[in-house]
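The structure under discussion appears below in the form of structure tokens.
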Amino acid sequence: MRLSFLAKLLLALVGSVGLLLAGSLLVVRGETQRQVRATIAAAVERSRESFAAVEDVRRDALRKASERFTTGNRFPAAVEEALATGETGFLLENARYDLELAGNPAALTAFTGLDGRPIAALLDAAVLPRPETAVPDTLPWMALESEAGVAFGYHLLGGRLFSVQAAVLGFFDVPVGTLALGVPVDRGVAEQLVKGIPGAQVCFVAGGRCVAATPAVAGTLERDMVRMAGGGPPGRTRWRGSRLALIAERVLGEAGMSTAEVWRVTAVPLDDALRPLESVQRTLLWVGLGSMAVAVLVGTVLSRGFARPVRRLVEATERVSRGDYAVRVPAPSRDELGTLAAAFNEMTHGLMLKERYRGVLDKVVSRSIADELLKGEITLGGETRSVTTLFADVRGFTTLTEGMDPARVVALLNEYAEAAAAAVEDEGGVVDKYVGDEVMAVFGAPIRADDHARRALQAAVRIRAAVAALNEGRRARGEPELGVGIGVNTGPAVAGNMGSPGRLNYTVLGESVNVASRLCDGAAGGEIVATRATLEAAGPGVEAVPLGARTLRGLRAPVEVFAVAAVH
């Protein structure tokens with residue numbers, strides 16, 4: 001039997017296998033240590049990135065919440081009055097009211113004078129008897145000395161750890177005191193830090209105890225993690241039959257900590273990294289001996305049947321790269337090449353189906369939402385982000401279509417919805433859903449945009465213009481005109497996949513969305529009604545007429561609204 005070049009090469013390698021076995025054992029042992037270090041380093045880096053992202057989100061939330069206090073003169077005046085009279089009731093009541101309006105983004109609220117002396121504080125909306133315990137001693141000074149007028153740190157209070165931001169209060173840039181807002185570091189924060197690290201646990205240690213942790217941290221694991229706080233090289237422990245590495249890192253804000261040191265201790269599973277290599281060590285000798293016997297047989301077989309199937313796969317791959325997903329390769333055998341050919345055929349079939357699904361999705365949802373759904377990791381839930389929501393509703397639609405043929409009603413709705421969707425998409429928004437004659441659109445999710453408020457107002461003006469153009473044609477045909485009322489609002493909302501695992505919908509939920517819907521309900525035909533939050537977020541160039549404060553259904557406090565005329 002004449003052997004091919006490939007078979008000869010494989011047979012030549014057989015003689016080297018024995019010499020490599022001894023060296024391989026040493027290599028595997030070194031690789032085990034390297035893999036452990038790499039696993040720990042990757043988990044530490046991912047945890048750091050997650051913690052930095054959580055800190056950024058918290059700083060942004062606290063900054064936005066503090067702007068309710070620092071952008072006007074009401075709270076600086078209340079602070080001066082409290083300092084002059086010693087009466088803090090008016091100050092705290094106003095603070096409690098503003099926090100409720102903001103969706104209660106802070107669990108800890110404290111006011112100090114320019115000397116850093118605490119004036120009054122709230123903890124979970126209740127008056128704190130000893131306000132001097134509310135914030136780290138150095139944090140107000142850091143805010144007063146900072147060019148930005150803010151400082152961020154961590155504080156332990158009553159066994160709870162808080163992320164705290166202090167901001168300067170002042171009249172016309174003349175400081176009168178500081179405001180500190182804090183949100184708790186809780187189990188939800190801990191769970192975010194180990195998301196994507198299977199089996200990992202995290203614990204925040206302060207004051208010699210675990211103050212916030214993932215749900216599984218308890219018993220001996222909790223004691224080991226508390227002992228790990230204080231730094232040093234990674235430690236090892238066993239928990240529930242698994243081997244874990246323990247890594248401790250100091251948690252520091254801009255101002256450090258005044259009442260306790262805080263450490264973030266992460267437990268990283270090592271079994272997945274160690275088990276394969278340990279198995280390799282146990283079986284390396286057997287594999288080596290078996291490989292020498294198999295190489296002789298495989299070399300002969302592969303030399304005859306390897307080249308032709310490989311060439312077919314290469315040619316088919318080139319056709320796939322040109323977009324031909326209908327290509328198939330023969331898979332007559334059941335060996336590895338046959339399995340590879342079958343897998344290739346399944347892949348091209350999947351790509352073809354995905355293209356078909358994409359075509360269908362593009363017709364029923366916005367392109368950006370279709371991209372989100374086709375990522376392949378669709379889960380229920382979402383994230384809180386600042387968005388602008390737009391609702392557009394035809395006024396008197398029931399009366400308008402009374403007695404109209406259903407086919408004409410559908411044609412009218414499609415004509416109106418097509419014009420509204422085009423206006424939304426031209427401004428980078430997403431049509432969330434159609435509810436009868438109402439269109440709901442979102443700006444700032446799922447694709448982030450810093451100018452989402454301006455885009456939403458521009459889309460609203462485009463919709464009004466598009467409806468006006470439609471009405472010209474309807475007047476020419478002797479048909480009644482459409483009157484579309486539009487409501488726009490900006491604020492935090494939860495954006496993500498909602499529903500059930502079997503049937504879900506990408507949408508946004510929250511009070512800011514409800515406000516936009518209520519504004520739309522009260523808008524007259526051809527009127528665009530927006531809140532002050534939207535106008536401020538949109539920036540200059542918006543022509544709007546104040547309509548005063550309106551009481552919206554479902555909200556206790558009136559909302560100041562404006563009629564938008566144009567956006568420049």
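The values are calculated or read from the model by the stated rules, or taken from the named source; none is laboratory data. Computed from a prediction, not measured in an experiment: that's the story for all the values here. Cβ atoms come from the backbone with ideal geometry, glycine included; neighbour counts cover every protein chain shown. To get the accessible areas, we keep the full protein, side chains included, count just its heavy atoms, and leave off ligands, DNA and RNA. Shrake-Rupley method; radii C 1.70, N 1.55, O 1.52, S 1.80 Å.
Of the residues Asp432, Asp124, the one with the largest accessible area comes first in the ranking Asp124, Asp432, computed with a 1.4 Å probe on protein heavy atoms. When only Cα pairs below 8 angstrom with a gap of at least 6 residues are kept, the range 376-456 shows a relative contact order of 38 percent. Length gained on full extension, Val310 to Glu49, computed as 0.36 nm times the residue gap minus the Cα-Cα distance: 89.7 nm. Computed with every protein chain present, the accessible area of Lys195 is close to 150 Å² [probe 1.4 Å]. Once the C-beta distance of Asp521 and Thr283 is scaled by a Förster radius of 56 Å, the resulting FRET efficiency is 0.20 to the nearest 0.05.
For the range 141-278, the residue among Val251, Val189, Pro215 whose Cα projects farthest onto the positive side of the dipole built from Cβ charges is Pro215. Oblate is the label for the range 443-545, because the ratio a/c of its alpha-carbon gyration tensor axes (a ≥ b ≥ c) is 1.5 or higher and a/b is not greater than b/c.
As a fraction of the 1.4 Å probe accessible area of the range 110-193, surface on carbon and sulfur atoms comes out at 56 percent. Once R0 is set to 45 Å, what does the formula 1/(1 + (r/R0)^6) return for the Cβ-Cβ distance between Lys195 and Arg328, expressed as a FRET efficiency to the nearest 0.05? Plugging the Cβ-Cβ distance into 1/(1 + (r/R0)^6) gives 0.70.
Simple point charges give the picture: +1 on the Cβ of Lys and Arg, -1 on the Cβ of Asp and Glu, and for the range 52-104 a dipole about the Cα centre of about 180 debye. Looking at the range 444-498, the accessible area is 41 square angstrom per residue; that uses a 1.4 Å probe and ignores ligands, DNA and RNA.
Rounded to the nearest 20 debye, the dipole size of the range 383-455 about its Cα centre is 180 debye, using +1 on the Cβ of Lys and Arg and -1 on the Cβ of Asp and Glu. Note on exposure: Met404, Met142, Met225 ranked by accessible area (1.4 Å probe, complete protein assembly) read Met142, Met404, Met225, with the most exposed listed first. Taking 0.36 nm per residue of sequence separation and removing the Cα-Cα distance, the Val409/Arg59 pair yields an extension gain of 121.0 nm. Distance between the C-alpha centres of the range 146-168 and the range 433-479: 42 Å, rounded to the whole angstrom.
Under 5 Å from the amide H of Asn104 lies no amide H of any residue 5 or more positions distant or on a separate chain, with H modelled from the backbone and absent for Pro and chain starts.
For the range 539-556 versus the range 34-92, the inter-centroid distance based on Cα atoms is 28 Å.
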